[in-house]
Amino acid sequence: MASPQNAASTGGGSDGGGVRGLSSLVILRSLLGQVQAVVGVPLNPHDIFDLVVGTSTGGLIALMIGKLGMTVDECIEQYKRLSGVIFVDGRHLRGRMTLGLLKERYSEGVLCREIEELFRRKGRNPAETMATSVKLLPETERAHSAVVCREYIDTPNGPPRLKPEAVLLCSHPCPGPRIRCTVCRAGRATSAAPSYFPPQMIQRDGQKDARLIDGGLQFSNPSVAAWYHYRRRTHKGLEWEGSRLISLGTGRYDGESYHPPQRTRLKRLIHMPSAITLMRDATTDPNNTATHMEEIAGLSSVNIEYHRFSATTGVCWIKMDDYKSLEFIERRTDEYLRFPDVSREITECAESIAQDYIEGLNRSAGELGNGEAT
Ligand SMILES: [Zn+2]
């Protein structure tokens with residue numbers, strides 16, 4: 001295990017990301033490529049990260065890396081395939097015509113089938129439980145992973161409300177009420193963006209079943225949710241002290257360049273949707289969370305390093321179900337990675353991670369040598 005520990009948080013679009021999750025994978029590919037160049041051997045993300053947390057499609061990425069031990073290239077390939085299938089084959093006409101008011105726009109059946117297919121392709125059983133006993137974990141799952149969701153709670157005289165705190169479905173034994181769900185259901189729960197997919201029911205010992213949706217409404221940057229969860233509940237093998245948290249976003253607007261696309265005359269006349277968009281962005285802006293996380297990192301008695309990467313090159317204007325823009329997202333994210341200050345920070349991060357990895361290997365080799373000598 002690398003020391004200091006590295007954690008990655010994936011997700012971070014104003015509506016949870018959708019197809020824009022590809023942007024976070026392109027950033028991860030660049031980071032890992034540079035770590036490999038220093039170390040000199042091919043590495044998987046689970047070799048350098050001790051914890052991967054995500055929400056919405058970022059949650060699916062966390063499962064691909066943490067539970068399935070996939071390489072970045074495999075993740076990118078499967079992500080593109082999933083985006084095409086889910087947002088093409090899974091469309092409900094009635095839902096689309098009413099912008100999701102009468103019915104979710106996409107079928108959960110297609111999403112579930114595709115997540116199960118992902119597991120079969122890796123030779124794994126889609127009915128595996130999310131939280132696995134550490135003893136039973138294969139080599140590729142030594143990294144912790146978790147998906148971030150939000151829970152609906154019933155109110156006596158009104159519509160259901162969303163609980164303020166996040167629910168994390170963790171890959172390793174987690175203190176607190178035991179949550180029983182398969183990995184596929186966890187993937188479904190974190191992808192259940194309101195108006196796109198229906199909520200997912202999850203069994204919980206000693207409590208009512210939880211009705212979960214994706215964390216994008218408040219936790220689109222899941223770093224803070226991860227921080228609180230893992231800080232309050234001890235998970236064997238994870239330490240925050242001296243850790244490095246890398247937050248991979250799905251695009252943001254810096255207010256200076258890559259402005260929103262021109263609205264048509266008709267759309268300019270309709271003010272209501274823009275008011276809704278503004279409200280939604282205000283409540284879900286992942287960059288507020290990034291600022292919050294930076295403050296936590298600065299004020300906390302625990303020593304943590306925080307890095308946030310999110311393409312400022314127009315990726316944020318892509319709709320979460322616009323699967324035709326995958327190539328654009330990839331190209332524009334590469335452009336962002338070439339910005340001198342971004343490139344410098346990625347390189348510095350990669351060099352530190354590589355150095356820690358090499359030291360970790362030397363330490364393990366030393367311990368092994370001492371063991372043999374005694
Ligand atoms: Zn947990």
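Please treat every number below as a calculation from the coordinates, not as lab data. Not measured: the values here are computed from a predicted model. Neighbour counts are summed over all protein chains in view; Cβ atoms, including those assigned to glycine, are modelled from backbone coordinates with ideal geometry.
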Coarse-grained scattering of region 328-374 at q = 0.15, 0.18, 0.26, 0.29 Å⁻¹, given as base-10 log I(q)/I(0) from a Debye sum over alpha-carbon atoms: -0.57, -0.66, -0.87, -0.93
Spin-label model distance (nm) - Phe328 vs Arg344, 7 Å beyond Cα toward Cβ: 3.2 nm
Order of Ser56, Ser364, Ser301, Ser145 - criterion: other Cβ atoms within 10 Å of each residue's Cβ, fewest first: Ser301, Ser364, Ser145, Ser56
Ranked list, fewest to most other Cβ atoms within 10 Å of each Cβ, for Arg185, Arg120, Arg204: Arg120, Arg204, Arg185
Amide hydrogen neighbours beyond the local backbone of Tyr306, cut-off 5 Å, H modeled: Leu245
Base-10 log of normalised Debye intensity for region 26-73 (one unit scatterer per alpha-carbon) at q = 0.14, 0.33 Å⁻¹: -0.32, -1.31
Ranked Tyr336, Tyr253, criterion: other C-beta atoms within 10 Å, fewest first: Tyr253, Tyr336
Förster-model FRET efficiency, 30 Å R0, Leu238 and Val41, C-beta, rounded to 0.05: 0.75
Modelled FRET efficiency - R0 35 Å, Asn303 with His259, Cβ distances, 0.05 increments: 0.35
Label point distance in nm, Gln355-Leu368, each placed 7 Å from Cα along Cα→Cβ: 2.5 nm
